[in-house]
Amino acid sequence: MMAAHTIQKWTKMESESTQHDPRYDRPRKLCLIIPTYNEKENIAKLISRIEALRDKLPLELSLIVVDDGSADGTLEVVRQIMEKSDNLRLIKRPNLLGIGSAYLDGFAFGLAADRSDYFGEMDADLQHPPEVLIEMSKAANEGADVVVASRYVKGGGSVGWSFTRRMVSRSANYLAKICVRAPVSDLTSGFRIMSKKAISGLLQTKLSTRGYAFQIESLYVYKKMNMTFSEVPYFFEERKSGETKLHWIEMARFAGTAIKLGLFGLNVRKG
Ligand SMILES: Nc1nc2c(ncn2[C@@H]2O[C@H](COP(=O)(O)OP(=O)(O)O)[C@@H](O)[C@H]2O)c(=O)[nH]1
Ligand SMILES: [Mg+2]
């Protein structure tokens, strides 16, 4: 098990020695974080679809799975893949600590252990088609600090959603838009790539949430840091297997966090 404070300490040490050095000639690296909780049926398929993209990506790719005590065999599947792959690592946490905290631990570990230039967020359940990573990586490589894969731009959408599900998502997005005012159309999207600068700033900020509202708090931080934004369209697909962890209580927390953010903001260090 890896304690969060240990990871934070590494980040601080390492970030001092991995500042961008133009004399250091190497392909730019993308560290993709995949949080899992009971994703046994999905994770191997996802990783093999990501691996098939390697030659088409303008960035060199490594993967970190952050698992929160899955009891369905997800860990065994990940370990089997790790035996054959140098590019996959696992952060194993004891129990469900929230998707936001999984990302933060993944970012901190990636920043410390790799010399990554970019960090990605992606669900393990195949709802985020990995092929979109090609366009996202290009946008990042061309200079955007925050690339958001978006359902709400031309060419994007969601597959197989009921009217209610669509309304809930639209309302959450609308509320987030009013409260965060970040220059993107899909503020609740959890499919993103960020620059090292954006992630370093995020890791220095004390967020108020560990759950799904992480997505809007992090956007707020990037906006306050004057990061550059870019959006790439995508279709959010149906969950192939397993169950969502997004329940009503999380949605209520999300709304609470959005309103708090709109009213009081967050204290963001700007470098
Ligand atoms: N490690 C970890 N992963 C989580 C947690 N909550 C959700 N996930 C993972 O985050 C991704 C998105 O969650 P999901 O339940 O599919 O959310 P939805 O797509 O909004 O319904 C999936 O890969 C989940 O397995 C958590 O607390 N910890
Ligand atoms: Mg999902």
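Only the coordinates and a few stated rules stand behind these numbers; no lab work does. All of these numbers come straight from a predicted model, not from anything done at the bench. Counting neighbours? That spans all protein chains shown, and the Cβs are built from the backbone with ideal geometry, glycine included.
Considering only Cα atoms, the convex hull volume of region 95-158 works out to 121 Å³ per residue.
Close amide H pairs (under 5 Å, H built 1.01 Å from N) link Leu32 with Ser62, Leu63, Ile64, Gly120, residues at least 5 positions away or on another chain.
Between rounded, prolate and oblate, where does region 53-105 land on the alpha carbon gyration tensor, with a ≥ b ≥ c its root eigenvalues, rounded for a/c under 1.5, else prolate if a/b exceeds b/c? Cα axes put region 53-105 in the oblate bin.
The residues Arg79, Arg28, when put in order of fewest to most other Cβ atoms within 10 Å, stand as Arg79, Arg28.
For the chain, the dipole from Cβ point charges (+1 on Lys and Arg, -1 on Asp and Glu) about the Cα centre works out to 880 debye, to the nearest 20.
Checking every one of the trypsin sites (Lys or Arg not before Pro) in region 148-203 against DSSP loop status and a limit of 15 other Cβ atoms within 10 Å picks out Lys154, Arg181. Within the same chain, aspartates and glutamates fewer than 8 places from Lys245 are excluded, and of the rest, those with a Cα less than 18 Å from its Cα are Glu39, Glu41, Asp67, Asp68, Asp72, Glu121, Asp123, Asp125, Glu237. Among Ser200, Ser162, Ser150, Ser195, sorting on how many other beta-carbon atoms sit within 10 Å of each Cβ, with the fewest leading, yields Ser162, Ser200, Ser195, Ser150.
When the square roots of the Cα gyration tensor eigenvalues are ordered a ≥ b ≥ c, the ratio a/c for the chain is under 1.5, which makes its shape rounded. By the helix-only formula, in which each DSSP H run with n ≥ 4 contributes -39500 (n - 2.57) and the sum is divided by residues, the chain has a 222 nm mean residue ellipticity of -13500 deg cm²/dmol.
Might you report the magnitude of the Cβ-based charge dipole of region 109-262 about its Cα centre, with Lys and Arg at +1 and Asp and Glu at -1, to the nearest 20 debye?
Values: 21 positive and 16 negative charges, 128 e Å.
In total the dipole reaches around 620 debye.
Of all lysines in the structure, those lying under 17 Å Cα to Cα from Lys45, and not within fewer than 8 positions of it along the same chain, are Lys84, Lys240. In units of the rule-of-thumb radius 2.2 N^0.38 Å, region 138-226 shows an alpha carbon radius of gyration of 1.12.
Which shape class applies to region 192-271: rounded if a/c is under 1.5, otherwise prolate when a/b exceeds b/c and oblate if not, where a ≥ b ≥ c are the square roots of the Cα gyration tensor eigenvalues?
Working: a/c = 2.21, a/b = 1.32, b/c = 1.68.
It is oblate, given that a/c is not under 1.5 and a/b is not larger than b/c.
List the relative contact order of region 187-271 as a percent without decimals, with contacts defined as Cα pairs under 8 Å and 6+ residues apart. Can you show the working numbers first?
Working: 51 pairs, mean separation 38.6, N = 85.
Across region 187-271, relative contact order equals 45 percent.
Under 5 Å between amide hydrogens, built in the peptide plane, is the criterion, and for Glu231 it picks out Val148 among residues at least 5 positions away or on other chains. Beta bridges from DSSP with both residues in the chain: antiparallel share about 20 percent, rounded to the nearest 5.
Arrange Asp72, Asp86, Asp114 by Cβ neighbour counts within 10 Å, fewest through most, would you? Show your work: numbers first, answer last.
Details: Asp72 14, Asp86 7, Asp114 18.
So the residues, fewest neighbours to most, are Asp86, Asp72, Asp114.
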